[in-house]
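Here the structure is laid out as structure tokens; the discussion comes afterwards.
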Amino acid sequence: MSDPSPVPLGRSALAALVELERVSQPYPLSAARLKAALTDDADVVLGLEEQGGLIGHAILSRQPFDAELQALLVAPHHRRRGLALALMEAVIAQARAWKSERLLLEVRAANAPAITLYRRMGFAEDGRRRGYYPSLDGAGREDALLMSCRLSRA
């Protein structure tokens with residue numbers, strides 16, 4: 001079976017998004033935030049579906065000159081299959097279609113797999129937000145790396 005391709009999600013995907021976040025994240029996005037992403041004309045939500053279920057998503061927000069990756073998630077038991085790469089390629093294609101100059105994101109400083117993917121895709125570190133996230137073990141705070149990638153028109 002081939003891996004799924006990212007597709008834009010509509011309002012009917014809200015329950016599946018909420019459930020995917022709930023079972024996959026220690027700090028899931030709220031239903032209100034996910035609903036806002038699905039209904040805001042400045043956002044696009046891309047999803048990966050397999051056997052009728054949602055296994056990954058990315059939320060991209062359009063800004064005046066840039067685009068910002070708000071979230072990227074692949075269900076834990078579907079990782080290490082290149083699905084995050086497929087989502088990122090679709091995110092970059094959408095940002096280019098919007099004619100965005102740069103793609104921005106932030107990521108937990110300890111999320112080595114994501115940082116490796118982003119760097120491989122041409123992202124560079126722009127800065128750091130000290131103590132931005134609650135730590136995954138609940139015992140403190142964790143830094144966020146700010147990263148960006150210039151989007152060439154070629």
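The values are calculated or read from the model by the stated rules, or taken from the named source; none is laboratory data. Computed from a prediction, not measured in an experiment: that's the story for all the values here. No Cβ is skipped: glycine too gets one built from the backbone with ideal geometry, and neighbour counts run over all protein chains shown. Areas reflect the complete protein model, heavy atoms only, side chains present, ligands, DNA and RNA absent. Shrake-Rupley method; radii C 1.70, N 1.55, O 1.52, S 1.80 Å.
Structural remarks
- Cβ-placed point charges (K, R +1; D, E -1), dipole of the range 32-96 about Cα centre in debye, nearest 20: 260
- Percentage relative contact order, the chain, counting C-alpha pairs under 8 Å, at least six apart: 18
- Dipole of the chain, positive direction: furthest Cα of 52, 110, 94, with charges on the beta-carbon: 110
- Scattering profile of the range 1-85 at q = 0.11, 0.12, 0.16, 0.21 Å⁻¹ [log10 I(q)/I(0), Debye over alpha-carbon scatterers]: -0.27, -0.33, -0.58, -0.99
- Summing charges over all other residues whose Cβ lies under 9 Å from the Cβ of residue 129, with Lys and Arg as +1 and Asp and Glu as -1, gives 0.
- Accessible area per residue, Å², the range 47-98 with all protein chains present, probe 1.4 Å: 47
- When each of the peptides 136-149, 103-116 is scored by the mean number of other C-beta atoms lying within 10 Å of its residues, the order from highest to lowest reads 103-116, 136-149.
- Residues whose amide H lies under 5 Å from that of residue 151, counting only those 5 or more places away or on a different chain, are 102, 103; hydrogens are built 1.01 Å from N in the peptide plane.
- Only Lys, Arg, Asp and Glu carry charge here, each on its Cβ (+1 for the first two, -1 for the last two); on that basis the chain has a dipole of about 300 debye about its Cα centre.
- Interatomic Cα distance distribution for the range 33-73, bins of 10 angstrom, percent: 29, 51, 18, 3
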